[in-house]
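Beneath this line is the structure, given in structure tokens, with notes to follow.
Read-outs throughout are calculated quantities, based only on the coordinates presented, and are distinct from any laboratory measurement. Note that the structure is predicted; figures quoted are calculated from it, not measured. For neighbour counting, all protein chains shown are included, and Cβ atoms are generated from backbone atoms with ideal geometry for every residue, glycine included.
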Amino acid sequence: MKSSKKSKIEKLVDEQVKIISRGMEEILPLEDFEKKIKKSIEQNKPLKIKFGVDPTSPDLHLGHAVILHKLKQFQDFGHIVILLIGDYTARVGDPSGRSVTRPQLSPKKIEKNAKTYTDQAFKILDPKKTRIDYNSRWFSKMNFNDLLKLTSKFTIARLLERDDFSIRYQKGTPIFLHEFLYPVMQGYDSVALKSDVEIGGTDQKFNMLAGRSLQIDFGQDPQVVITMPILEGIDGVQRMSKSLGNYIGLTEPAKEMFGKVMSIPDELMIRYFNLATNLEEDEVKKIEKGLNDGTLHPAEVKRRLGREIVTLYYDRKTALEAQAEFDRVFKEKKLPSEIPEFKVPREIFKNSKVWVVRLLVTIGFAKSNSNARRLIEQGGVKINNKIIKSPELELKIKENDIIQVGKRKFARLVISH
RNA sequence: GGGGGGGUGCCCGAGUGGCCAAUGGGAGCGGGCUGUAAACCCGCCGGCGUAUGCCUACAGGGGUUCAAAUCCUCUCCCCCCCA
């Protein structure tokens with residue numbers, strides 16, 4: 001009797017651990033994780049899963065979604081997710097990319113960003129099992145004494161272990177003192193929240209482990225650290241990020257999403273299936289096999305990937321429409337079904353004609369006259385599907401003329417009076 | 001506090017008096033090939049309405065010179081070594 005009950009709990013533990021383990025990079029340490037899950041089941045008490053959020057760039061993309069999906073799995077098991085808005089740490093600035101001096105964000109702006117962030121996150125997360133907190137809640141009350149106490153728990157050598165610090169140190173790029181404090185602060189967040197698990201990208205490993213050691217110092221049961229792989233952006237090389245411009249945003253229109261997926265390198269497809277869709281492992285294995293033995297055409301597989309991803313954020317129907325639109329524009333080279341309108345102001349007309357270069361700049365398809373000239377000289381500009389050959393051209397434009405730059409920029413002209 | 005080395009275009013990085021709007025690579029952009037994939041090939045990559053022309057640019061100010069990214073000087077910033 002007693003033993004069968006115990007094994008039932010163990011089965012539950014195994015199940016949770018198995019699902020959570022899928023697609024993650026590391027669980028540190030695994031034994032602690034099993035213990036925590038077990039305790040949670042036995043006492044029927046959900047675990048607190050912490051995820052730190054930077055309110056400076058509120059646009060979420062598929063890279064963030066990797067973690068959000070994992071958090072959702074925790075929620076499905078009944079655990080509580082804490083989205084910790086790093087409003088206070090945002091003022092410190094992330095240690096990476098020191099050349100960019102971040103503008104100080106006003107509390108209002110931070111609040112707005114946080115709202116945008118959580119709205120997007122709830123495309124995946126269950127709001128009922130999510131708590132939102134702000135780390136200014138504890139940091140703004142701290143004094144210098146508290147800070148000293150905290151910092152005395154870390155050594156420089158330990159901080160220098162961290163990858164990006166040691167690289168910068170070796171390269172001779174400056175590391176500022178306040179940047180050193182970043183892991184300390186993130187670590188203290190875990191203490192303040194008494195978190196059971198912290199989850200983040202592999203780049204956050206050090207900071208999250210700092211949380212563990214601080215919690216021990218504060219006499220708490222240390223959190224388990226789960227690191228998730230960092231998804232490459234659509235360039236296939238660098239991590240997906242807004243500033244690198246290689247991202248697929250969660251709120252992007254379905255057509256954009258689909259199109260961007262189609263432009264990722266083939267080698268990345270399986271990784272995207274694993275990290276950015278909900279397909280079962282076995283299914284992904286099948287696809288991988290098909291690709292390898294040539295029974296599946298890569299282009300077809302990529303279309304499927306596009307559909308899966310769009311379906312996740314919209315629905316099946318929208319995904320199919322996005323695919324149809326893609327075929328229409330890029331396979332059949334037809335005009336998109338919807339073309340954004342641009343008002344052509346009267347001032348740029350001269351004797352009822354418009355200089356092409358000026359037109360391109362006015363509607364924002366070229367950064368400068370020189371840029372517009374180059375585009376034309378290189379044959380990248382079409383009006384009503386006819387290539388413009390001379391940058392000197394003055395043209396008579398009519399309502400609804402279609403201007404195209406490159407393969408994907410279209411505009412329908414509207415003449416304002 | 002003392003000594004040394006640096007700051008160049010989106011990034012890396014050459015250039016140490018004229019031939020420098022500044023070699024090269026990366027990123028980006030346009031074209032070709034294709035499956036808007038990758039790889040590859042060609043071209044562009046400060047601005048100015050039409051220019052063997054002008055303007056703005058090599059951390060910032062001042063100066064030398066017919067001529068400066070390059071020399072001098074002051075200021076600011078970064079790195080290293082010693083204390």
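How big is the convex hull of the Cα atoms of the stretch A:334-382, per residue, in Å³?
Working: hull volume 4.8 nm³, N = 49.
Enclosed volume per residue, from the Cα hull, is 99 Å³.
Using a/c under 1.5 as the rounded threshold, could you call the stretch A:148-221 rounded, prolate or oblate? The axes a ≥ b ≥ c are square roots of the C-alpha gyration tensor eigenvalues, and prolate needs a/b larger than b/c, oblate otherwise. Before the final figure, lay out each step's value.
On the way: a/c = 2.51, a/b = 1.64, b/c = 1.53.
Verdict is prolate for the stretch A:148-221.
Determine, for each peptide in A:309-317, A:276-284, the mean count of other beta carbons within 10 angstrom over its residues, then list the peptides with the highest first. Please list the in-between numbers first.
On the way: A:309-317: 17.4, A:276-284: 14.4.
Those peptides, ordered most packed to least, come out A:309-317, A:276-284.
What translational diffusion coefficient, in µm²/s and rounded to a whole number, does the Stokes-Einstein relation yield for the stretch A:2-228 at 37 °C and a viscosity of 0.692 mPa s, taking the hydrodynamic radius as the Kirkwood radius over Cα pairs?
Working: Rh = 18.5 Å.
Here the translational diffusion coefficient equals 178 µm²/s.
Would you kindly derive the ³J(HN,Hα) couplings of the stretch A:132-143 from the backbone phi angles with the Karplus curve 6.51 cos²θ - 1.76 cosθ + 1.60 (θ = phi - 60°), listing them in order in whole Hz, with x for Gly and Pro?
10, 9, 10, 7, 5, 4, 9, 5, 5, 8, 6, 10
If N is the number of residues in the stretch A:280-417, what value comes out of its Cα radius of gyration divided by 2.2 N^0.38 Å? Can you show the working numbers first?
On the way: Rg = 20.4 Å, N = 138, 2.2 N^0.38 = 14.3 Å.
Compactness ratio reported: 1.43.
Mind sorting A:Val344, A:Val414 by how few other Cβ atoms lie within 10 Å of their own Cβ, fewest first? Each step should come with its number before you reach the end.
Details: A:Val344 22, A:Val414 12.
Fewest to most other Cβ atoms nearby, the residues stand as A:Val414, A:Val344.
Quick check on my link table: of A:Lys38/A:Lys285; A:Lys205/A:Lys289; A:Lys255/A:Lys343; A:Lys129/A:Lys242, which ones sit more than 26 Å apart, alpha carbon to alpha carbon? Provide the component values of the computation, followed by the final result.
Values: A:Lys38/A:Lys285 31 Å; A:Lys205/A:Lys289 33 Å; A:Lys255/A:Lys343 24 Å; A:Lys129/A:Lys242 28 Å.
Result: A:Lys38/A:Lys285; A:Lys205/A:Lys289; A:Lys129/A:Lys242 exceed 26 Å.
Which percent of the Cα-Cα distances in the stretch A:341-415 go past 16 Å?
Working: 1100 of 2775 pairs.
For the stretch A:341-415, the fraction of Cα-Cα distances above 16 Å is 40 percent.
Calculate, in whole percent, how much of the Cα-Cα pair population of chain A lies beyond 33 Å. Don't jump to the answer; show the numbers that get you there.
Details: 41515 of 86736 pairs.
Every Cα pair in chain A considered, those over 33 Å come to 48 percent.
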